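Worksheet: the structure to be examined is printed underneath.
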Amino acid sequence: MVNIRTHNVVKRFGAVVALDKVSLDIKHGEFFTLLGPSGCGKTTFLRSIAGFELIDEGKIFFDDEDVTYVPPHKRNTGMVFQNYALWPHMTVYDNIAYGLRVRKLPKDEIDRRVKWALKLVHLEGFEKRTPHQLSGGQQQRVALARVLVIQPKVLLLDEPLSNLDAKLRIEMRAEIRRLQRELGITTIYVTHDQEEAMSISDKIAVMDHGKVMQVGDPVDIYFHPRNPFVADFIGQGTFIEGSVVDKDEYLLVELEEGLGRVRAVPSRRDVEIDVGDKVLVAIRPESFSISSNKASNRFRVKIYHISFLGNIKRVQAISNGKKFLIDVEPSASFNLDDEIDVYVPYDLTLAIKV
């Protein structure tokens, strides 16, 4: 295991700043995810940690060792790529053994490690198959085994599940998390999938345009976003701009779109919001209720779409031209064009400073 620390890392590609003073602290054995839209810099950061990209400014440390200019083969990292990058002409056994043979390990040591890796990823009995004889999930397991067999200090995964179907992605992300916990290996995972990041991460860094917008655990990121970008990117919701007109136990916010006033709480205690400040009011779909509560904000909305998602019904509605996203019990009986009242507790009505 290793602690990874970066200090003001900058990487430019011509006039484009791919990484803009990125400082992160990734703990021993942590599953740390870089989350953001395409082009935000997350893969560039991963490649910088591996040594495949030489940074223009800043420092990268593994524990107390400065590895900023250490070549990739001396950093002892293992990287799993989006396209798996398996040798098509080699068997599963030979694909996994490749890195060990390059390191000129004894034959019996190679055999022992390959068998260990095959057992680890549940692929015993697949040794003689070639990649084209495997499913996508099995190929992903081979790619993981090939990296883990060299016993790296750091595991780096670049959108490893993006080529799999939805059901297999869910299975494989649980498998990756199991392996990571079993080995206790420091892991950096890149994805643009919010649900994926939320389900497997110890910590998440949300990135945009080369900058880190917020770092925190999944609950903190979801319920306490630092800015409107994080609130919008990390999950679905209803977002309405407004201005703070009073402040006591709660913030009193005058909403735009003619939606009146609501009482809200700051999304973060460490961000001061005062009277006159512009805010984005954010409400997660599950925060709505169709039953009244004394300490709740009320909205009158008109339903224009209903989706049955198994454990919930997702209602899309509109009020004064503003869209609302509302989750209700699957047994709730609504029809298109119905007008209903929905309620949100003050404590779940989040005000995010703009």
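Values quoted throughout were computed directly from the atomic coordinates according to the rules given, and no laboratory measurement underlies them. All values derive from a computational prediction rather than experimental measurement. Cβ sites come from the backbone with ideal geometry, for glycine too, and all protein chains shown count toward neighbours.
Length, then width, then depth: along the principal axes, the Cα atoms of region 170-214 run 33, 21, 12 Å.
When you filter the chymotrypsin sites (Phe, Trp or Tyr not before Pro) in region 280-335 for DSSP loop state and at most 16 other Cβ atoms inside 10 Å of their Cβ, you are left with Phe334. Relative contact order for region 220-276: 30 percent, from Cα pairs under 8 Å spaced at least 6 residues apart, divided by residue count.
Near Val9: Cβ cut-off under 12 Å, other residues only, Lys/Arg at +1 and Asp/Glu at -1. The net charge is +3.
Mind checking the angle between helix 107-120 and the chain's longest principal axis? C-alpha axes, 0 to 90 degrees, to the nearest 10. Approximately 20 degrees, to the nearest 10.
With coordinates expressed along the principal axes, the C-alpha atoms belonging to region 228-323 extend over 41, 26, 25 Å, beginning with the largest.
For region 269-354, the C-alpha radius of gyration sits at 1.19 times the compact-globule guess of 2.2 N^0.38 Å, with N the residue count.
Taking a ≥ b ≥ c as the square roots of the eigenvalues of the Cα gyration tensor, region 301-347 is classed as oblate, since a/c reaches at least 1.5 and a/b does not exceed b/c.
Volume per residue of the convex hull around the Cα atoms, evaluated for region 34-108, comes out as 145 Å³. For region 113-203, the relative contact order is 29 percent, taking Cα pairs closer than 8 Å that sit 6 or more residues apart in sequence and dividing their mean separation by the residue count. Computed over region 179-295, the convex hull of the alpha-carbon atoms projects to a mean area of 9.8 nm². Please report the spacing between the Cα centers of region 271-327 and region 153-215 in Å, no decimals. About 29 Å separates the Cα centre of region 271-327 from the one of region 153-215. Counted without the sites themselves, the longest stretch of the chain free of GluC sites (Glu not before Pro) in a DSSP loop having at most 10 other beta carbon atoms within 10 Å is 125-248. In the chain, the C-alpha radius of gyration followed by the widest Cα-Cα span (Dmax) gives 24.2, 74 angstrom. Here the Karplus curve 6.51 cos²θ - 1.76 cosθ + 1.60, taken at θ = phi - 60°, turns the phi angles of region 169-183 into couplings of 4, 5, 5, 6, 5, 5, 5, 4, 5, 4, 4, 4, 5, 5, 8 Hz, with x standing for Gly and Pro. Taking every Cα-Cα distance in region 193-234 and sorting them into 5 Å bins from zero, the calculated P(r) comes out as 5, 27, 38, 23, 7 percent. In order along region 159-167, the Karplus-derived 3J(HN,Hα) couplings, from 6.51 cos²θ - 1.76 cosθ + 1.60 at θ = phi - 60°, round to 6, x, 10, 5, 8, 9, 6, 4, 5 Hz, and Gly and Pro are given as x.
A 27 angstrom limit on the alpha carbon distance is what I want to check against. Which of Lys21/Lys203; Lys119/Lys167; Lys294/Lys323; Lys21/Lys323; Lys27/Lys211 exceed it?
Pairs exceeding the cut-off: Lys21/Lys323.
Loop-located chymotrypsin sites (Phe, Trp or Tyr not before Pro) across region 1-75 with a Cβ neighbour count of 10 or fewer within 10 Å are Tyr69, with loop assigned by DSSP. Calculated mean residue ellipticity, 222 nm, the chain: -7000 deg cm²/dmol, from DSSP H runs (n ≥ 4) at -39500 (n - 2.57) each, averaged per residue and rounded to 500. Coordinate range of the alpha-carbon atoms in region 80-190 per principal axis, descending: 39, 31, 20 Å. Sorted into 10 angstrom bins from 0, the C-alpha pair distances of region 129-253 split as 10, 34, 30, 14, 8, 3, 1 percent.
For trypsin sites (Lys or Arg not before Pro), the sites in region 246-343 that DSSP calls loop and that have at most 15 other Cβ atoms within 10 Å are Arg269, Lys294. How much of the DSSP beta bridge set in the chain is antiparallel, as a percent to the nearest 5? Of those bridges, close to 75 percent are antiparallel. Other residues with beta-carbon under 12 Å from the beta-carbon of Phe81 carry, at +1 per Lys or Arg and -1 per Asp or Glu, a net charge of 0. In this structure the amide hydrogen of Val354, modeled in the peptide plane, comes within under 5 Å of the amide hydrogens of Lys278, Val279, Leu280, none closer than 5 places in sequence on its chain.
Structural descriptor for the chain: relative contact order 16 percent, calculated from alpha carbon pairs under 8 angstrom and at least 6 residues apart. Considering region 1-137 at the alpha-carbon level, its Rg and Dmax are found to be 17.9, 51 Å. Under a 5 Å amide H cut-off, with hydrogens placed 1.01 Å from N, Asp338 pairs with Ile303 among residues at least 5 apart or on other chains.
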